[in-house]
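The values are calculated or read from the model by the stated rules, or taken from the named source; none is laboratory data. What you see is a predicted model; the values in this text were computed from it and never measured. A quick note on method: Cβ atoms are made from the backbone with ideal geometry, for glycine too, and the neighbour counts reach across all protein chains shown. Only protein heavy atoms, including side chains, enter the accessible area calculation; ligands, DNA and RNA are left aside. Shrake-Rupley method; radii C 1.70, N 1.55, O 1.52, S 1.80 Å.
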Amino acid sequence: MKRLSRILLFSALAGMMALAVGCGDGATGGNTDAEDEEFAFANSGAYKPFSFDEGGAIVGFDVDIANEIAERIGRTPVMNSPVPFDTLIQGLKAGKYDALVASHGITAEREEQVDFTRPYYRSGPQIFVQTGTTDIAGPDDLDGKKLGVLKASTYLDLAATLTGEGNLVTYDSDVVALQDLTTGRVDAVITDKLVGLVARNESGLEIEAVGDVLMADEMGIAVQEGNSELLAEINQALEDMIADGTYEEISMRWFDESILGE
Amino acid sequence: MAFVTVIQEHFWGFLKATGMTLQLTAVSLVLAVVIGLIFAFLKISDNRAGILIANGYIGITRGFPLIVQLMFLYFGISEIILLSSFWAGSLALAFHAGGYVAEIFRGAIQNVDRGQTEAARSLGMSRGKAMRLIILPQAFRRAIPPLGNQFIIGLKDSSLVAYLGVPDLYSNAMTAAAANYQPFETYLVAGMYYLVLVVIFTRVVNKLETRLTPHRQEAAR
């Protein structure tokens, strides 16, 4: 028995090591070497119309932009999606992807973690309420109201200042947040203006936008900190596609207007 | 009615995702049984280091929430080794279930009457042989019902890997709900897929149990 247990102990340790080593081969994406010709990008797949499921495939504005970039920098696009939005930056830092083309607002906080390209579209946080709501006409009316907002989004802090931390309800997906608006669990939802309007138009949700956008958000594509080579390549690709009209063509596909905002 | 539409519209998506869920569950449970057996033996061995390691392992895997183990394997050790989301998920599920499986096996082995070992030994069998030929077959039979239970839990636990971006059933429900604006119906459909899998699984386990238990086999006839 003593010998048996010793053999088992060794085989347990050896087995775990073998497993750990063997599984390394299965890793996908993430390689930042430009030589392997892959452009691994990621998005949440739950942010219609930027990235969403259509008949089993993730499509949208962000996907089209990412594919266009890949083509222009001469790499094969490899999409990682759906990835929950709040794990995207973590995953980029861990080297799982080359870039996040996932509608990240450029903020000082995020810029400490990753490097951003030039803005690739502009939008802003918009207050949405249930149709027929009379007591909310603008941001000043939100004090003390239950406010729905996307987890790990730039709107979280903004929402907290408007209503107080305790009144926040956080969601994994904007669409679920807007849906919950119609149940009355939240009094208002702050989400991207474009996302909200598309959701309302497509789903027939009984919601409406109140007031102007609360601030102008610039959305950037994120790469790993210090990856200046890829950053420059993507920036060049963006400039080129804006200059030759490809950007506008992609934007028209999803919004019937250019959302570059310049 | 919206419910039926969701089933129809997302049929292929959910079917593909079911394949992923089954793959994850199968890989993780096979690994969990191997891991569980190894640590069960370590724990009942008379090797003090082995017992210490087994207790440490079981304590950690049963003590940490599964989501923490998932995040650790996927993000926490990415500096050392870059696991794909599938393997990070499968391994975390396996490590997690392995702790429980180890305890199931240990309990089953220790539950076999001491007299069995003594009788086998008195017939001249070595300890290893007695374990292999006399104790383990009986222990395995006893382990089937709690193992089946653990497997069902493992199947449903696998839904957490959606947070690593593995395109499993739950992840499919998340994206589908975000696209069709019908979260209630969509999650209900996902739940039904899990339910069907669990029912099928329960039947298989019951069959296996009957087959391995002679007197119940009689009763079943």
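Among what's in region B:103-144 and is of a type in the set (S, T, N, Q) and farther than 15 Å from B:LYS43 by Cα, pick the residue that is most open to solvent (accessible area, probe 1.4 Å). Per the criteria, the residue is B:SER122.
As a summary of the residue check, B:PHE41 satisfies the conditions (1) more than 27 Å from A:GLN90 (Cα to Cα); (2) open to solvent by 30 Å² or more (accessible area, probe 1.4 Å); (3) of a type outside the set (D, E, K, R) except for the one numbered (2). Residues in region A:192-204 that are surrounded by fewer than 23 Cβ atoms within 10 Å (Cβ to Cβ) and charged (D, E, K, R) were compared, and the one that is nearest to the other protein chains (Cβ to nearest Cβ) is A:GLU202. Among residues that are part of a helix (DSSP H, G or I), in contact with a Leu (Cβ under 7 Å, 6 or more places away or on another chain) and under 22 Å from A:MET79 (Cβ atoms), B:VAL161 is included. Of all residues in region B:45-73, those that are aromatic (Phe, Trp, Tyr) and open to solvent by 60 Å² or more (accessible area, probe 1.4 Å) total 2.
Residue-by-condition table, conditions (1) within 30 Å of A:ILE89 (Cα to Cα); (2) within 12 Å of chain A (Cβ to nearest Cβ); (3) in contact with a Ser or Thr (Cβ under 6 Å, 6 or more places away or on another chain); (4) among the hydrophobic types (A, V, I, L, M, F, W, C):
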residue: B:SER85; (1), (2), (3), (4): yes, yes, no, no
residue: B:ALA88; (1), (2), (3), (4): yes, yes, no, yes
residue: B:ALA92; (1), (2), (3), (4): yes, yes, no, yes
residue: B:HIS96; (1), (2), (3), (4): yes, no, yes, no
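Among all positions in region B:209-220, there is no residue which is closer than 30 Å to B:ILE67 by Cα, in contact (Cβ under 8 Å) with a residue 60 or more places away in the chain, in contact with a Phe, Trp or Tyr (Cβ under 9 Å, 6 or more places away or on another chain) and not polar (S, T, N, Q).
A quick yes/no check of all residues on (1) part of a helix (DSSP H, G or I); (2) more than 13 Å from chain B (Cβ to nearest Cβ); (3) open to solvent by less than 40 Å² (accessible area, probe 1.4 Å); (4) at pLDDT below 85:
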site: A:ASP141; (1), (2), (3), (4): yes, yes, no, no
site: A:ALA152; (1), (2), (3), (4): no, no, no, yes
site: A:LEU158; (1), (2), (3), (4): yes, yes, yes, no
site: A:THR161; (1), (2), (3), (4): yes, yes, no, no
site: A:VAL175; (1), (2), (3), (4): yes, no, yes, yes
site: A:ILE190; (1), (2), (3), (4): no, yes, yes, no
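Any residue that is open to solvent by 40 Å² or more (accessible area, probe 1.4 Å), under 25 Å from B:PHE184 (Cα atoms) and more than 12 Å from chain B (Cβ to nearest Cβ) - is there at least one of those in region A:210-223?
Taking every residue of region A:210-223 in turn, none turns out to be open to solvent by 40 Å² or more (accessible area, probe 1.4 Å), under 25 Å from B:PHE184 (Cα atoms) and more than 12 Å from chain B (Cβ to nearest Cβ).
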